[in-house]
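Colleague: Take a look at this one; I'll ask things after.
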Amino acid sequence: MARYVLVSDTTLSHTYRNVPLLDFMASAPTSKLPGSIYSFMKGPPPASVNGRAKFAPYSLRKLEGALLKENSPKDVVVVQETHIQDFVDEDTEIIGVSTMDPLGLGPLTMSYSVFFETSAPAYVHKEFNDLMERINRIRKGKKAKLLVGGPGVWELTVRPEELNKNNIDFAFQGEADDIACDLFRYVGEGGGENTEFYKGFQTFDEHFHKSWMSDERFISRYQFSRQFPTLDEIPDIAGPTVKGMVEVMRGCGIGCDFCEVTLRPLRYYPPERVRREIQVNLAAAMTNAWLHSDEFFAYEHGRNFVPNEEALLDLLTTVMGTRGMGHTNPTHGRISIPAAYPELMGKMAAAIRAGPDNWIGLQVGVETGSDRLALLHMPNKTLPLKVGPDGSWSSIVWSGTKVMNENYWRPAFTVQVGQAGETPEDNWETVALINKMSNSTLDNGRPFEFTITPMQNVPLGHLKARTFTSIKLNESQLAVYYACYRHLAKIATRNATNASDDSNAFIRAVTGGLIGLGGWAMFRVVSSICKKGGLDLDKAANYGSTRSVIEVPMITR
Ligand code: SF4
């Protein structure tokens, strides 16, 4: 039995058959995706060792590491989700849950809810509710408090009533690496008067102006104290992580006006520190390393966000030079760097041994195809290139994709629908970009390799009032969804056979079949909804596909 029992949101602990982007399925509405297909694609229950999670989400491992500074390993347990009851008894003080999208209000989940005009819960929401219900049953009659934290806590600040509904004692908002021991002691003692913590949460308006809201159910770092740990105060992970994720930096600094990450201070992990965490994963035979950051190319960047070639290559060679390491990929990066620095992309590809049998996935927020919106919301995201003098935003994205593909990097793009100030012309520019890239080939004739997923911006008022199903997508917005899913169906068919790396040939075949069929089934549904919404499907399928593209100038060091 343990003093502190830690568990993750169950949508974060599964492997989704190791198919890139399949974990997006958890955002689908329960009314639209059959439970049997979701369960199959989610994969088997997470591995465990004597009830403890063999691999756990990175955020939970960081919390574990922080608590172990002042507690013994027998008091801090990261459990596999089906074994919570084995570790909770009369002495358990806190059950801590880390969550990402507990109420299904994230942009991807919202894209499905708004598009299908459904208020049915998404799988992320359903699974969170189920987990809360189970934990409450297990802790009934015991003193253990239920504390929820993680990047998804902002959703609970939007709908605080969900805390009462789920019988959650407290939600913690913010980074807790340096104060986790104090926080857990404080909650264990009942969460009363205290000057180290603020009873409430931070909230932001549409211009990211911060204000504090008092609420007894929330705990934040004290308002007038430092809001973030320094690099030295962040602990190493103490156990292996899902997909071998390790962090390489926090913060970003590029300043896109819709992004909260940019408000956090920049902290870079030195390569040797990254190696230490990788070795924890390798000890559990996890030979993969997902290098987490919100903007990998900004690692130790120079003036004007010029990439730091030495630092990037040093980091990647350190990772790949760690004995036993098999595959690595950064999680997020911006497209202007491949567009401007093809040589750097080639060197990085060589460092991580990219090749026809080892494609490197990277999530890239393209956000729009419109120069106007790019300049309005994310003028620095293109740096050191500039929209205008160096070409259009679309040509930067197209050139960056070409360079990435030539070096066996596969971008997973996201675009936004419903951005502040968006016009139909902006959306049609996004459609043109998607269609152009979907029809493009490399010099050797190979088609461009990328996925593209629409993300819906929903105004806070609609999220609070649960009126997002009243949002009606206009023709140009439907066209963005249509172009995205048309391309995804194409890619799903092309890559279905190699999608899964499961050792079981039957599972591989079923997974590949479901991905191929699923891509086209989804596209048929999307087409039908778009047609009913008045979209001219032929126009949306062809718009901009034959536009000429001017490659952006390469920057040499
Ligand atoms: S580049 Fe990405 S992480 Fe950085 S501010 Fe822009 S959207 Fe946020």
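The values are calculated or read from the model by the stated rules, or taken from the named source; none is laboratory data. What you are looking at is a predicted structure, and each value in this text was computed from that prediction instead of being measured. Cβ: placed from backbone, ideal geometry, glycine included. Neighbour counts: every protein chain shown. The accessibility values were calculated without ligands, DNA or RNA, using every heavy atom of the protein model including side chains. Shrake-Rupley method; radii C 1.70, N 1.55, O 1.52, S 1.80 Å.
Colleague: What angle, in degrees between 0 and 90 and rounded to the nearest 10, separates the Cα long axis of helix 123-139 from the longest principal axis of the Cα atoms of the chain?
Modeller: With both axes taken from Cα atoms, the answer is about 10 degrees.
Colleague: Principal axis extents for the stretch 1-110, Cα atoms only, whole Å, descending order, please.
Modeller: 44, 27, 25
Colleague: Let me ask something else about it. Non-local amide H neighbours of Ala56 (under 5 Å, H modeled in plane, Pro and chain starts lacking H): which ones?
Modeller: Distant-sequence amide H within range of Ala56: Thr241, Val242.
Colleague: Run through every distinct alpha carbon pair of the stretch 1-66 and return the Kirkwood hydrodynamic radius in angstroms, one decimal place.
Modeller: When all Cα pairs of the stretch 1-66 are included, the Kirkwood radius is 13.4 Å.
Colleague: Next question, about the same structure. To the nearest 0.05, what FRET efficiency results for Met213 and Glu133 with a Förster distance of 30 Å applied to their C-beta separation? Spell out each step's value before the answer.
Modeller: On the way: r = 27 Å, r/R0 = 0.91.
So the FRET efficiency works out to roughly 0.65.
Colleague: Shifting gears a bit: Using Cα atoms only, what is the angle between the long axis of helix 424-438 and the major principal axis of the chain, expressed in degrees (0 to 90) to the nearest 10?
Modeller: Helix 424-438 and the main axis of the chain meet at about 80 degrees.
Colleague: Before anything else, pin down the relative contact order of the stretch 240-333: Cα pairs under 8 Å, at least 6 apart, normalised by residue count, whole percent. Spell out each step's value before the answer.
Modeller: Numbers: 164 pairs, mean separation 30.0, N = 94.
It comes to 32 percent, rounded to a whole number.
Colleague: Which value results for Rg/Rh of the stretch 290-381 when Rg is the Cα radius of gyration and Rh the Kirkwood radius based on the inverse mean 1/r? Walk me through the numbers on the way to the answer.
Modeller: Details: Rg = 14.1 Å, Rh = 14.2 Å.
Using only Cα positions, Rg/Rh for the stretch 290-381 is 0.99.
Colleague: Quantify, in whole percent, the carbon and sulfur part of the accessible surface of the stretch 140-183 (1.4 Å probe; protein heavy atoms only). Write out the running numbers ahead of the final one.
Modeller: Values: 760 of 1560 Å².
Exposed carbon and sulfur together represent 49 percent of the surface.
Colleague: I'd like the Kirkwood hydrodynamic radius of the stretch 240-333, using the inverse of the mean 1/r over distinct C-alpha pairs, in Å. Mind dumping the intermediate values first?
Modeller: Details: mean 1/r = 0.0737 Å⁻¹.
Here the Kirkwood hydrodynamic radius works out to 13.6 Å.
Colleague: Using per-residue counts of other Cβ atoms within 10 Å, averaged over each peptide, order 331-340, 269-278, 90-99 from highest down. Present the calculation step by step, with values, prior to reporting the outcome.
Modeller: Working: 331-340: 25.6, 269-278: 18.9, 90-99: 21.6.
Ranked from most to least packed, the peptides come out as 331-340, 90-99, 269-278.
Colleague: Full-extension gain between Val525 and Gln227, please, as 0.36 nm times their residue separation minus the C-alpha to C-alpha distance.
Modeller: Numbers: separation 298, 0.36 × 298 = 107.28 nm, distance 4.53 nm.
Stretched out fully, the Val525 to Gln227 stretch lengthens by 102.8 nm.
Colleague: Distances longer than 34 Å among the Cα atoms of the chain: what percent of all pairs is that?
Modeller: Working: 59822 of 154846 pairs.
Summing the P(r) of the chain above 34 Å gives 39 percent of all pairs.
Colleague: Let me ask you something else. Considering the chain, which cysteines have no disulfide-compatible partner, defined as another cysteine with its Cβ under 4.7 Å away?
Modeller: By the Cβ distance rule, which asks for a partner under 4.7 Å, the isolated cysteines are Cys181, Cys252, Cys484, Cys530.
Colleague: Would you mind calculating the gained length between Asn167 and Asp538 on full extension (0.36 nm times residue separation, minus the Cα-Cα distance), in nm to one decimal?
Modeller: 128.5 nm
Colleague: While we're looking at this one, here's another question. Leaving out ligands, DNA and RNA, and with a 1.4 Å probe, what % of the accessible surface on the stretch 320-372 is carbon or sulfur? Please report the intermediate quantities before stating the final value.
Modeller: On the way: 860 of 1740 Å².
Answer for the stretch 320-372: carbon and sulfur cover 49 percent of the accessible area.
Colleague: Per residue, how much accessible surface does the chain expose to a 1.4 Å probe? Answer in Å², no decimals. Numbers along the way, then the final one.
Modeller: Details: 22420 Å² over 557 residues.
Heavy-atom accessible area per residue stands at 40 Å².
Colleague: Over 10 Å intervals from 0, what percent of Cα-Cα pairs in the stretch 70-124 sits in each interval?
Modeller: Bin by bin from 0 Å, the calculated values are 18, 34, 20, 20, 8.
Colleague: Follow-up question, since we're still on this one. Roughly what angle does helix 342-351 make with the longest principal axis of the chain, taking Cα atoms, 0 to 90 degrees, to the nearest 10?
Modeller: The two axes meet at around 50 degrees.
Colleague: Amide H to amide H under 5 Å from Val148: which residues, 5+ apart in sequence or cross-chain, H placed 1.01 Å off N in plane?
Modeller: Amide H neighbours of Val148, under 5 Å, 5+ apart: Val97, Phe170, Ala171, Phe172.
Colleague: Modelled label-to-label distance, Asp89 and Asn474, 7 Å Cα→beta-carbon offset: nm?
Modeller: 6.4 nm
Colleague: Please figure out what share of the DSSP beta bridges in the stretch 4-227 is antiparallel and state it in percent, rounded to the nearest 5. Please report the intermediate quantities before stating the final value.
Modeller: Numbers: 11 of 29 bridges.
Approximately 40 percent, going by the DSSP bridge assignments.
Colleague: Report relative contact order for the chain in percent, whole number only (criteria: Cα-Cα under 8 Å, sequence separation at least 6).
Modeller: On the way: 1073 pairs, mean separation 68.4, N = 557.
About 12 percent, as a whole number.
Colleague: Once the Cα gyration tensor of the stretch 4-227 is diagonalised, what are the square roots of 5 times its eigenvalues, in whole Å and ordered largest first, as equivalent ellipsoid semi-axes?
Modeller: Values: eigenvalues 149, 107, 47 Å².
Here the semi-axes work out to 27, 23, 15 Å.
Colleague: Using the per-residue mean of other Cβ atoms lying within 10 Å as a proxy for protection, in what order, highest first, do the peptides 476-482, 449-455, 209-215, 130-136 fall? Don't jump to the answer; show the numbers that get you there.
Modeller: Numbers: 476-482: 26.1, 449-455: 21.6, 209-215: 11.4, 130-136: 17.1.
Those peptides, ordered most packed to least, come out 476-482, 449-455, 130-136, 209-215.
Colleague: If you don't mind, another one. Looking at the stretch 356-545, I'd like the Rg to Rh ratio, where Rg is from alpha-carbon atoms and Rh is Kirkwood's inverse mean 1/r. Walk me through the intermediate numbers first.
Modeller: Working: Rg = 17.4 Å, Rh = 17.7 Å.
Result: Rg/Rh = 0.99.
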